[in-house]
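These notes concern the structure reproduced below.
The values are calculated or read from the model by the stated rules, or taken from the named source; none is laboratory data. All of these numbers come straight from a predicted model, not from anything done at the bench. Here Cβ is always computed from backbone atoms with ideal geometry, including for glycine, and neighbour counts include all displayed protein chains. With ligands, DNA and RNA removed, areas are computed over all heavy atoms of the protein, side chains included. Shrake-Rupley method; radii C 1.70, N 1.55, O 1.52, S 1.80 Å.
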Amino acid sequence: MAQKSYFYSIAEAAADSFQNEKTIVIYKEIDFQDTKAGIRLNNLFLKITTHRLIFSNDPQIDKIDPKSQSTFFKLMLKDIVKIEKKMKGLIHQKIESFIIQIQNQQVEIFGKSLENPYLLLDGAYQKKEWAVEKTQQDQAKQEIYLGLKQEIKSNIKDAENIKENVKSSFTNFDTFFKNFHELSEATKKLRQSQTQNQNEEVNKILESMGCIQVITKDEAGDKYYEELGKQIFRFCTELFPKQGGIVLLMDIYYYFNKKRQLSLLSPDEVLKACEQFKRLNLPANLTQYQGIKVIESTQFDIVKDFENTIGKLVNFKEIRFFFDGYENQTKKGIREWIIM
C-alpha cells in the first residue's frame with residue numbers, strides 16, 4: 001500500500017545523505033497522509049534536515065540501515081511549492097495539521113503538538129541551505145574550469161616556447177655543420193624522401209606482420225589490458241627501427257586498429273594497455289614530449305642509429321667531438337624533432 005505513494009523510498013535511498021546535510025530535529029508519533037494516493041500511516045518518526053523530510057516507522061531513523069525493511073517516505077525541501085497550516089480552536093488556537101504541496105502532489109501531517117515541527121520545517125525551507133550548497137558546487141566547478149583553462153593556455157605557451165627553442169637549436173646545428181657538404185646533402189635527401197616514403201614503409205611493415213589475433217574482454221577477463229599491452233608492444237617493436245625508436249600513441253591506435261579490423265579498440269583502451277608496459281617489464285615507456293603522448297623504446301640507441309644511417313655518409317670522426325659535448329642535448333633534440 002505504501003509503495004503507491006509518490007514519496008515512498010527504499011531504505012538505501014533514504015540512508016544516502018547530501019554534502020553538508022545536517023539533521024535539525026527528530027519527532028515521533030507523527031501521522032503521514034498522502035492525499036493523492038489515499039493512504040495514511042500513524043505513529044511514524046519524522047526527521048527534519050536541512051535538505052529533506054524523512055518519515056518512517058524505523059526507530060533508528062537518525063542512522064538508517066540501507067538494508068532496513070522499514071517503510072520510508074522522503075520529501076525534498078527544494079521541491080516544496082507551499083506549506084500551509086490548519087488551525088483549530090477559537091480562542092487558544094493550535095495547529096491541527098499542516099499541508100505540504102509538491103507540484104501536483106500533496107501530503108498532510110498530523111500530530112499532538114505540531115507548533116515546533118511546523119516552525120522548524122518552515123525555517124529550514126526559508127533558509128534554503130540546499131541552494132547555498134548548489135551555489136558553492138557551481139562556484140567550485142567554475143573555479144576548476146577557469147583553472148583548467150588557464151593551465152591549458154600555460155601549456156600551449158610553454159609548448160610554443162619549447163618549439164622555438166628546438167627550432168633555434170637546430171638552426172644552430174645546421175649552421176655549425178654547413179661546411180660538412182656530405183651531411184648537408186644526406187640530410188636534404190632524407191627530409192625530401194621521408195614524407196613520401198613514410199606511409200609506404202609503414203604499409204610494408206603492416207603487410208609483413210600478417211594477421212593480428214583479436215583479444216576481447218570476454219576472453220581475457222582481468223588479464224585483458226595485460227595481454228593487449230603485450231600484443232601492442234610486439235607491434236611497436238616492428239615500428240621502432242623505422243620510426244627512430246619512438247612511435248606516436250595516435251599512430252599506434254590507427255595502425256593497430258587497421259591490422260585488427262574487427263572489434264576496434266577505443267583510444268582509452270590503447271592508452272590503458274600501453275600503461276602496462278612498465279608493470280610487465282617490457283623495454284618501452286609511455287611518455288610525452290611537448291604534450292604529445294608517445295611510446296619510446298628503452299633499448300633504441302639514437303646515436304648508434306645516427307651512425308648507422310646518416311653517419312655512414314660522412315666522416316663521423318670529424319663531427320664526433322660535437323656529440324661528445326652535446327650528446328644528451330642532441331638526443332633530446334632528435335626526439336622532439338621526430339615528433340614535430
In the set Leu146, Leu119, Leu114, the lone residue that is more than 17 Å from Asn20 (Cβ to Cβ), modelled with pLDDT of 65 or more, of a type in the set (A, V, I, L, M, F, W, C) and surrounded by fewer than 17 Cβ atoms within 10 Å (Cβ to Cβ) is Leu119
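Quick test for you: out of Gln290, Gln276, pick the one residue that is at pLDDT below 85 and under 30 Å from Glu227 (Cα atoms).
Numbers: Gln276 fails: at pLDDT below 85.
It is Gln290.
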inquiry  = Condition (residue is out of contact with any Gly (no Cβ under 7 Å at 6 or more places or on another chain), without any contact (Cβ under 8 Å) to a residue 24 or more places away in the chain, assigned to a loop (DSSP other than H, G, I, E, B) and among the aliphatic types (A, V, I, L, M)) applied to the range 22-37: is it met by at least one residue?
reply    = no
Regarding Glu12, is this residue among the acidic types (Asp, Glu), surrounded by 13 or more Cβ atoms within 10 Å (Cβ to Cβ) and under 14 Å from Thr71 (Cα atoms)? yes
When (1) under 22 Å from Ala15 (Cα atoms); (2) surrounded by 14 or more Cβ atoms within 10 Å (Cβ to Cβ); (3) in contact with an Asp or Glu (Cβ under 7 Å, 6 or more places away or on another chain) are applied to Thr71, the one that fails is (3)
Over the range 1-40, the set of residues of a type in the set (Phe, Trp, Tyr) and over 18 Å from Gly111 (Cβ atoms) is Tyr6, Tyr8, Phe18
Across the range 80-90, the tally of residues that are open to solvent by 50 Å² or more (accessible area, probe 1.4 Å) and among the β-branched types (Val, Ile, Thr) stands at 1
Counted residues in the range 38-77 being free of Cβ contacts under 8 Å to residues at least 60 places away in the same chain and hydrophobic (A, V, I, L, M, F, W, C) come to 10
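For every residue, the table says whether it meets (1) among the aliphatic types (A, V, I, L, M); (2) surrounded by 17 or more Cβ atoms within 10 Å (Cβ to Cβ); (3) assigned to a loop (DSSP other than H, G, I, E, B).
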site: Asn42; (1), (2), (3): no, no, no
site: Ile64; (1), (2), (3): yes, yes, yes
site: His92; (1), (2), (3): no, no, yes
site: Glu96; (1), (2), (3): no, no, no
site: Gln101; (1), (2), (3): no, no, no
site: Gln126; (1), (2), (3): no, no, no
Within the range 257-271, the residues that are among the small types (Gly, Ala, Ser) and at pLDDT 85 or above are Ser266
